[in-house]
1. With angles folded into 0 to 90 degrees, how steeply does helix 177-194 sit against the dominant principal axis of the chain? Use alpha carbons for both and round to 10.
2. Mind jotting down the three principal axis lengths of segment 183-241 based on Cα atoms? Whole angstrom, largest first.
3. Tell me whether the chain comes out rounded, prolate or oblate; compute the Cα gyration tensor, take square roots of the eigenvalues as a ≥ b ≥ c, and use a/c under 1.5 as the rounded threshold.
4. So what's the angle, to the nearest 10 degrees on a 0 to 90 scale, between helix 295-304 and the longest Cα principal axis of the chain?
5. Output the 0 to 90 degree angle, nearest 10, between the alpha-carbon long axis of helix 97-118 and the longest principal axis computed from the alpha carbons of the chain.
6. Ordered by packing density, taken as the mean number of other Cβ atoms within 10 Å over each peptide's residues, highest first, how do 76-86, 133-143 rank?
7. Any idea how far the Cα center of segment 215-294 sits from the one of segment 52-86, in Å?
8. In straight Cα distance, which lysines are under 23 Å from K141, not counting same-chain residues fewer than 8 positions off?
Amino acid sequence: MLAYLQLLRLPTVFTAMADILLGFVLTHRFIYGPFLAPEGGPVHLNVGWHEPEKLLGLLAASSGLYLSGMVFNDVFDVQQDTIERPDRPIPSGRISRQNATIFALILMLGGLACAALVGPVSLQVGLLLIVAILSYDAYLKRTPLGPIAMGSCRFLNVLLGASVQPDWIPSLLSQPQLAAAAGLGLYIAGVTLFAKTEARTSNRWQLALAQLIINSGFAVHVALILTSAHQVPIEVPLAMLFVVAFTINRRATAAVRDPSPARVQGSIKVMLLSLVIIDSTLVFWFLNTPEGAGYGAAHAVATAILVIPAMLLSRLIPMT
């Protein structure tokens, strides 16, 4: 059981769930108290989250696709891991490569089935996400396009959360979900570059470039908050983003000075866990409206709570 949980990198799946909550929230609005309904959709005052089965379906879809990508990552990397990380489940012999492949396929098909149950747009985004996942794991990871490919996976995962709407244009290709997804995609592209040689001493210039890309992701989110027509108080979400950015930059700068595997891997863990806090900050910003009456904070806390199981599990199961 522990070997399979390590193969899944289970703590990181909670960051994918936070992306789904963000995308879902950004395409919904307050109707009454904590109740949410799609923009322009029918009003249901007595059902809590509008169509909660669709939110649960998206969470299941994202989790299945994300975890399948983690398993396929090790399936395709077995030769490199045998040299650099022989203690991982496949090179150590605790799980065969064949069983890992079957496991990944089951997760991927299960995730795609959940997306199909939500709706046609979710199915289409799920298929695009599968293409991005397999392209990264099988071909692009060891090329200069690797960080971009991984960033596109995170970008599409946020859009998967926004895919409840019946049409592509209003649900996926409009503000604010497009900018939020783009910022997270840039952030993860930087984290991926930062982690490119984490198993050995990293190149300082590469780490510095990755840090710059990570900060460009923060810049996109700050610009979104400052320029959006969504009229809500912005002081608190901007302060929250500043705190997260300061924490990450402090860790990243220390890793640039000392690019040892332990220092770099510790920074990556903080960067991954911070994804949940970034998502919850954007949730708070979007829902902190007068009619929300404090429920924006409640939904933001509900999103941020996902960091707790991720942190607890990371003590037992490595995130990288």
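1. That helix lies at roughly 20 degrees to the long axis.
2. For segment 183-241, the Cα spread along each principal axis is 47, 17, 15 Å.
3. oblate
4. 10 degrees
5. Long axis of 97-118 versus the principal axis of the chain: about 10 degrees.
6. 133-143, 76-86
7. Computed from Cα coordinates, the inter-centre distance equals 24 Å.
8. Cα-Cα hits under 23 Å: K196, K269.
Where a number appears in this text, it was derived from the coordinates with a stated rule and is not lab data. Not measured: the values here are computed from a predicted model. Here Cβ is always computed from backbone atoms with ideal geometry, including for glycine, and neighbour counts include all displayed protein chains.
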